[in-house]
Amino acid sequence: MKISRIVAALALASSATAASAGPPYLTDDPEPTETGHWEIYGFTAGEGQGSSLDEDLGLDLNYGPIKDVQLTATVPASFSHNRAEGWRSGTGDLELGLKFRFIHDEKSGVSAAIFPRAILPTANHSPGERTRILLPIWVGKDFAGGTSIFGGGGYEFNPGPDDRDFWLAAVAITHDLSKRLSVGVEAAWQQADTAGGTNQTRAGVGAIYKLSEHYSLLVSGGPTWADHHTGYHIYAALGANF
């Protein structure tokens, strides 16, 4: 399954409260994990159409080793189903990334970061694939009252038989309804990633509910459109921050 995380976010106006982006959205934000801290998400993420389903279960590990830098590793197990082959399972593709925030202007409320990722072909059900490289940039702004708008995109090098490189982009808006609950909407677009493939457009809604100071529930989902067909994408996770 190729769910490319897209996006953007953040900027901290002095009168605003920082909003949460990244999981559960098809996004990542410019703000790195706090120095010396971990953010860990136990997640399930999937895409489907009709009786076909691709799903990952795994851990998304993020650590802040120094200021403005975040190290990331995503370790999934992967499942798929279609009428012809039934259920298949195995290891998923390992993702390794390094986020570097190069703009953090509190006065203007603007932040920006690059977040290059390497997607290693460790999935045992996808022979012939090669290491993919995603080069994105994320920018955004938070407003007083708990509302944020953010967007961005990048380019993925996608070598391999019948594969092609592609662009992706997205935009999202989130709002804090309370100290515990945040909701949001987003739209994302991606060029075809295979020869003869089609572009994809996704829309979604999401929510983050803080169970406690260190734990949160995260969910999102919505429709996917490609080649006049409609599918869906879903995400759910338990997040820990310590």
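Filtered by the rule that a residue be assigned to a strand (DSSP E or B) and in contact (Cβ under 8 Å) with a residue 40 or more places away in the chain, the stretch 33-51 gives Trp38, Glu39, Ile40, Tyr41, Gly42, Phe43, Thr44, Ala45, Gly46, Glu47, Gly48, Gln49. Listed conditions (1) loosely packed, with under 15 Cβ neighbours inside 10 Å; (2) farther than 19 Å from His233 by Cβ; (3) hydroxyl-bearing (Ser, Thr, Tyr) are all met by Thr201, apart from (2). Could you give me the residue pairs with C-beta distances under 9 Å whose first residue belongs to the stretch 145-164 and is closer than 13 Å to Asp28 by Cα, whose second residue is open to solvent by 20 Å² or more (accessible area, probe 1.4 Å) and assigned to a loop (DSSP other than H, G, I, E, B) wherever it lies, and which are 6+ apart or on separate chains? Cβ pairs passing all conditions: Phe150/Asp29; Gly154/Pro116. Filtered by the rule that a residue be open to solvent by 50 Å² or more (accessible area, probe 1.4 Å) and under 23 Å from Thr230 (Cβ atoms), the stretch 204-217 gives a lone residue, Val205.
Scanning the stretch 194-208 for residues that are touching a strand residue (DSSP E or B) at 6+ places or on another chain (Cβ under 9 Å), over 17 Å from Thr44 (Cα atoms) and of a type outside the set (A, V, I, L, M) turns up Thr194, Gly197, Thr198, Asn199, Gln200, Thr201, Arg202. State yes or no: is Gly151 open to solvent by less than 50 Å² (accessible area, probe 1.4 Å), modelled with pLDDT under 95 and closer than 28 Å to Ile40 by Cβ? Here the answer is yes, as Gly151 does meet what is asked. Note on the stretch 1-49: among residues that are of a type outside the set (Gly, Ala, Ser), modelled with pLDDT under 50 and farther than 15 Å from Ala187 by Cα, the one that is least open to solvent (accessible area, probe 1.4 Å) is Leu10.
Scan the stretch 221-242 residue by residue and report those that are open to solvent by less than 50 Å² (accessible area, probe 1.4 Å) and more than 17 Å from the chain's Cα centre (by Cα). Listed by number, the residues that qualify are Ala226, Gly231.
Considering only residues in the stretch 62-81 that are closer than 17 Å to Phe102 by Cα and open to solvent by less than 40 Å² (accessible area, probe 1.4 Å), the one that is nearest to the chain's Cα centre (by Cα) turns out to be Gln70. When Thr194, Thr198 are checked against the criterion of being under 21 Å from Pro76 (Cβ atoms) and at pLDDT below 95, a single residue qualifies: Thr194.
Let's see how each residue does on (1) under 26 Å from Asp68 (Cβ atoms); (2) in contact with a His (Cβ under 6 Å, 6 or more places away or on another chain); (3) β-branched (Val, Ile, Thr); (4) open to solvent by 20 Å² or more (accessible area, probe 1.4 Å):
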| residue | (1), (2), (3), (4) |
| --- | --- |
| Trp138 | yes, no, no, no |
| Pro159 | no, no, no, yes |
| Leu168 | yes, no, no, no |
| Gly184 | yes, no, no, no |
| Ala192 | no, no, no, no |
| Val219 | no, no, yes, yes |
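The values are calculated or read from the model by the stated rules, or taken from the named source; none is laboratory data. The shown structure was predicted, so the numbers you read here are calculated from the model rather than taken from an experiment. Backbone-built Cβ (ideal geometry, glycine too); neighbour counts: all protein chains shown. Ligands, DNA and RNA are stripped out before the accessible areas are found, and what is left, the full protein with its side chains, is counted by its heavy atoms. Shrake-Rupley method; radii C 1.70, N 1.55, O 1.52, S 1.80 Å.
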